[in-house]
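Take a look at the structure set out below.
The values are calculated or read from the model by the stated rules, or taken from the named source; none is laboratory data. Small disclaimer: the values here were computed from a predicted structure and weren't measured. We place every Cβ from the backbone using ideal geometry, glycine too, and count neighbours over all the protein chains shown. Accessible surface is based on the protein model in full, side chains and every heavy atom, while ligands, DNA and RNA are left aside. Shrake-Rupley method; radii C 1.70, N 1.55, O 1.52, S 1.80 Å.
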Amino acid sequence: MEKREQRAGGFKKETVNKLLQLHFKDDKTRVSGDALLLMTEMLNVFAREAAARGARQAQTEDLTRVDVEHVEKVLPQLLLDF
């Protein structure tokens, strides 16, 4: 289990926990360790997929650099797929 926690890398668990707490209506709501690890992994996968799709969009436009506009173009479909 420790390897998986280390691999979740891109986002700190504390940051994800704080983001979740901001959206809970009840301040007493708590997140279990497993749920926090899962959410961290989901955000990591989402960010990687957004980057990959943005890179593919830039390639289709024959560009070698990915800009925010490329990610913005693929974001609607990414949100639907996710």
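With protein chains left intact and a 1.4 Å probe, residues in the chain average 81 Å² of accessible area per residue.
Counting lysine pairs in the chain that sit 8 or more residues apart in sequence, or on different chains, and whose Cα atoms lie under 22 Å apart gives 6.
Using DSSP H assignments, which helices in the chain have an axial alpha-carbon span of 27 Å or above and a mean Kyte-Doolittle hydropathy of -0.5 or higher?
33-60
According to the calculation over all Cα-Cα pairs in the chain, the P(r) per 10 Å bin from zero is 16, 35, 31, 15, 3, 0 %.
Among residues other than Asp67 with Cβ under 14 Å from its Cβ, the summed charge is 0 (Lys and Arg +1, Asp and Glu -1). Surface composition of the chain: carbon and sulfur atoms hold 56% of the protein heavy-atom accessible area at a 1.4 Å probe. Length gained on full extension, Asp34 to Val68, computed as 0.36 nm times the residue gap minus the Cα-Cα distance: 9.0 nm. Using just its DSSP H runs of length 4 or more, each adding -39500 (n - 2.57), the chain gives a mean residue ellipticity at 222 nm of -23500 deg cm²/dmol after division by all residues.
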